[in-house]
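What follows is calculated from the coordinates using simple rules that are stated; it is not laboratory data. Small disclaimer: the values here were computed from a predicted structure and weren't measured. So basically every Cβ, Gly included, is an ideal-geometry build from the backbone, and we count neighbours across all protein chains shown.
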Amino acid sequence: MAYDSSIPLHSLASSVNVFNGLNFSEWREQVQFYLDVMDLDLAMLNDKPAAITDSNNADEKSFHKAWEHSNMLSLMFMRMNITNNIKSTISQTESVRGYLKFVKECFCSADKSLTGTLMAELTLMKFDGSHSMQNHIIEMTNIVARLQTLGMKVDDSFLVQFILNSLPPEYGPFQINYNTIEDK
């Protein structure tokens, strides 16, 4: 299925979080998803085909044209979702793969920094009763979900231990009861 040009590209681009230098993994994941849904990911999945010559058959010419179209729209889509102050620092490349690689090399370290910040937040988080237990657990689960989008694997049993450890002493009987359950 080809991209339906009746849906303006800018309206689809507005659904993607803008890359601000600190959210590379999340931004890349969303961009790849939308390009796949719009069937514009051909240039991300394949190297640039060789230049067209008279000896190329119709399929090769069609592939080249589709790749060029995919590459052009994919680059536009990515550039529409990058803040202007960052956009001006990214060198112009001719392929979407090169563009994505350059952005990754420049800004992936920010993801590592964010991972450290989120890990510290998760390990230091304590339930203080200022909001419900459910909200506390959801907040910790959301941090783990963000860590997973950054490539860090956090096992469910590890998360449960973090949650239990974040509880104040008055939840001691609950923790003991949970730890005695064999099938967790």
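Which lysines have a Cα lying under 19 Å from the Cα of residue 153, excluding residues fewer than 8 positions away in the same chain?
112
Over region 1-108, how many pairs of lysines fall under 16 Å by alpha carbon, counting only those 8 or more apart in sequence or from different chains?
5
Would you work out the relative contact order for the chain, in percent, from Cα pairs under 8 angstrom that are 6 or more residues apart?
22 percent
Just add up the charged neighbours of residue 91: K/R +1, D/E -1, any other residue whose Cβ is under 15 Å from the Cβ of residue 91.
For residues surrounding residue 91, the net value is +3.
What's the extension gain from residue 156 to residue 171 if we count 0.36 nm per residue and subtract their Cα-Cα distance?
3.4 nm
Count charges around residue 144 for me, please; just the other residues with Cβ under 14 Å from its Cβ, Lys/Arg as +1, Asp/Glu as -1.
Local charge sum for residue 144: -2.
Taking 30 Å as R0, compute the FRET efficiency from the Cβ-Cβ separation of residue 29 and residue 59 and round it to 0.05.
Given R0 = 30 Å and the Cβ-Cβ separation, E is 0.40.
Calculate the FRET efficiency for residue 121 and residue 52 from the Cβ-Cβ distance with a Förster distance of 35 Å, rounded to the nearest 0.05.
Using R0 = 35 Å, I get an efficiency of 0.10.
With springs connecting C-alpha atoms under 10 Å apart, model the chain as a Gaussian network and identify which of 71, 57, 23 has the largest mean-square fluctuation.
Comparing 71, 57, 23 in the GNM, the peak value goes to 57.
Choose one answer from 30, 134, 148: the residue with the largest mean-square fluctuation in a GNM of the chain with alpha-carbon springs under 10 Å.
Sorting by GNM fluctuation, first place goes to 134.
Among (i) 255; (ii) 117; (iii) 175, only one was calculated for this model; which label is it, if the read-out is volume of the Cα convex hull per residue in Å³?
Comparing each candidate, only (iii) matches the computed number.
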